[in-house]
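Working notes, beginning with the structure itself.
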Amino acid sequence: MTTTARKVLLGSALAGAVFVLPVARASDDTSVSLCDGQSTLTIPGLKAGEELPPQRARQVAGDMMQVWRQNAGEVRWASWKAEAATAAPAPVSPAATQAAAPAAQGQPTKFTKRDQMLWEREEKKWVEEGYKAFHNAKALGGTIGISCDMCHPDTTNTHPETYPKFQVQTKKVALLRDMINWCIENPLKGKPLEENDPALRAVEAYILSARKGVALAPGKH
Amino acid sequence: MKKDRFEKYLEEREAYFGRVQGLGRRDFIKAAGLVAAAATASGKLLPHSFQPVDVVHADAPDKSFRFAYISDSHLYQKSLNERFVRAILKAVDDVNAMSPQPDFVLYGGDLAQLGQPGELGEGAQILKALKAKTYMMVGEHDWYLDMGDKWRALFGKDTYSFDHKGVHMIVLNSVIVEDYWTGPKLSPMDRMLAMAQLDNPNGRPFTVGDAQRDWLKNDLAKVKPDTPIIVFSHSPLYKIYKAWNFWTDDAEQVQALLAPFKNVTVIHGHTHQMLSNRVGNIHFHGMLSTAWPWPYAPQGLPKLTVRMNRTDPFDELDGCGDGWIDVLPGGHVDKSYNLWSRNPVRVSASYLGSDGTLDRPAAETDVNY
């Protein structure tokens, strides 16, 4: 591990283990910070490269939770607890949604309708890029004029809901992305794309979006 | 008043002898010989009070004959894509290896992928290697780059008919669509690309069209109702799934023109899969593609179709193939699918004629992959 400064992000205050990537400092202290961008905590005596024992790590996580609640989380925490008390567990039936709605109304949120519009627009953009690449033989690096829609019109037969699964032919557990890359390499005769290549992600986004909610029925569609 | 069984028997007996008396001696002998074949092929179940016999005309075939088909090759030029070229060469080899040779070969359309002169030219060259006589039919991928100029130069008319051993054969151009390119000023290639995308949400439905239906009406006027008819069409001449143009918009009108004929079979391309259907006296069979298989549409599948199992993407020949058609005595048709990676499948006239009760093709077991 290098001594380049890094931040620790605790995604959930309830995490059992703390991943500590220490910030290089003159002192023997390590600082951890939370995903709200505000809450930080110093762990005295933790040297760079050292790992916390599990019990101590849980204590630190608990301390982080306190810091967060002090900073801004108290109000939100209370509202979540109230929601959890009134809401039914997932999947949510229409009746339960109605029961939960009054509790959710009027709760403070920093997200606006405009935010929602921006998020949807960004998602739509990715799905549309994926649609284009899906229907274009060259867009994914294919070299023989075969495009995804030739075997999968309207994403038929992509069955993303069946992944992950053991792919007999490759002798590996496959994710949807692996299968997309296999198709790029084989029927499309291109080079497989990097894991986080935007084109690959876009095609995956389009397939997942088009097949959202499709029931699992192996071999049927 | 409901007739009792004996009265019905007398009526059928009267009708039978009436028909028989109308025959000359040669026809009578032929009719007697054809009884069993006609009964099963038309799907009539036994016993009836008087066995119904299709008294066939002397013109209808008294021996079965066979022709082969190759379809939907979607060729790019070899320099770009060898895979589709290898596939059509394999089909040509299959047909040339048939012994005895088929009476003729029908090419089912979509010889080219993007209608390019190079693609059509290469395809024509490859098909020249066929030993048997070849009849060509056009598909949308052949047509919409130049509206058929190169096709007609290479292969002649896109709509025509001919007679063979007592069967009247009709070849249609059933991929006519309304003009979608003039308004938005699409280039020829844009027009072709729009047509080439099967799931194009702005696609226009295939039709046979008014002009061609008039031609068909006139052509059929010269044909006796007892003469068996085989119609070759790229689009299915019935309606399966509009979003993928597994569809002919004026299907009902075309079927109405064919309805007066006792024995009609439609052989169609475009769908790249095993498909079987029956509407009245018309049997419908799909042809396999040499290039790639389409999945089944989410809805609209005719109930008589026994689905082929989902194809294996790790086998580039799976779901592809060619096939042949046996025209039986009396003019009904058994269709054979020569799948390259699977056991061949035969869909018989008696299966369709009996509405699925007789001779059902074996269903494949599902696999999960």
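Annotations for the structure displayed:
- Put simply, the amide H of B:G319, placed in the peptide plane, has neighbours under 5 Å in B:W340, B:S341, leaving out anything fewer than 5 places away on its chain.
- Set B:K262/B:K303; B:K157/B:K224; B:K157/B:K303; B:K165/B:K262; A:K191/B:K78; B:K90/B:K303 screened for pairs whose C-alpha atoms are more than 27 Å apart: B:K157/B:K303; B:K90/B:K303
- Neighbours of A:I180 by Cβ distance under 12 Å: Lys/Arg scored +1, Asp/Glu scored -1, total -3.
- At full extension, B:R86 and B:L358 could sit 94.2 nm farther apart than now, given 0.36 nm per residue minus the alpha carbon distance.
- Shielding score for A:146-152, defined as the mean number of other chain Cβ atoms within 10 Å: 5
- Candidate aspartates and glutamates for bridging to B:K131, where Cα separation is under 14 Å - those fewer than 8 sequence places away on the same chain excluded: B:D93, B:D94, B:D103
- Residue-count net charge about B:V333 - beta-carbon cut-off 12 Å; Lys, Arg +1, Asp, Glu -1: +2
- Neighbour net charge for B:A112 - beta-carbon separation under 9 angstrom, K R +1, D E -1: -3
- At R0 = 35 Å, FRET efficiency that the Cβ-Cβ distance of A:S79 and A:K47 yields, to 0.05: 0.35
- Length gained on full extension, A:E123 to A:D63: 18.0 nm, using 0.36 nm per residue less the C-alpha separation.
- Over the stretch A:113-210, relative contact order from alpha-carbon pairs under 8 Å, at least 6 apart, %: 38
- The distance linking the stretch B:83-162 with the stretch B:207-284 is 21 Å (Cα centroid to Cα centroid, whole angstrom).
- Peptides ranked, highest mean first, by Cβ atoms within 10 Å: ranges B:191-198, B:341-348: B:191-198, B:341-348
- Packing order of peptides B:207-213, A:189-195, highest average first: B:207-213, A:189-195 (average count of other Cβ atoms within 10 Å over each peptide's residues).
- Residues whose amide H falls under 5 Å from that of B:I230, counting only those 5 or more places apart or on a different chain, are B:H168, B:M169, B:I170, B:T265, with hydrogens built in the peptide plane.
- Here B:A129 and A:K110 are evaluated by their C-beta separation; at R0 = 56 Å the FRET efficiency comes out at 0.20.
- The phi torsions of the stretch B:285-292, fed into the Karplus equation with coefficients 6.51, -1.76 and 1.60 and a -60° offset, translate into couplings of 10, x, 9, 6, 9, 7, 8, 7 Hz, rounded to whole numbers, with Gly and Pro shown as x.
- Relative to the current alpha-carbon distance between B:H164 and B:Y180, full extension at 0.36 nm per residue lengthens the span by 1.9 nm.
- Aspartates and glutamates whose Cα lies under 19 Å from that of B:K217, excluding same-chain neighbours fewer than 8 positions away: B:D158, B:D163, B:D226, B:D249, B:D250, B:E252
- Between B:W324 and B:Y69, B:S336, B:N338, the built amide H atoms are under 5 Å apart, and every one of these is 5 or more places off in sequence or on another chain.
- Nitroxide proxy distance, nm - points 7 Å out along Cα→Cβ at B:R307 and B:N96: 3.8
- Sequence-distant contacts, meaning Cα pairs under 8 Å at least 6 residues apart, place the relative contact order of the stretch B:154-216 at 31 percent.
- Straight-line cross-link partners of B:K8 among the lysines, defined as a Cα under 19 Å from its Cα and at least 8 positions apart when in the same chain: B:K44.
Just so you know, all these numbers are worked out from the coordinates, no wet-lab data involved. Quantities reported herein were computed from a predicted structural model and do not represent experimental measurements. Don't worry about glycine lacking a Cβ; one is built from the backbone with ideal geometry, like all the others, and counts go over all protein chains shown.
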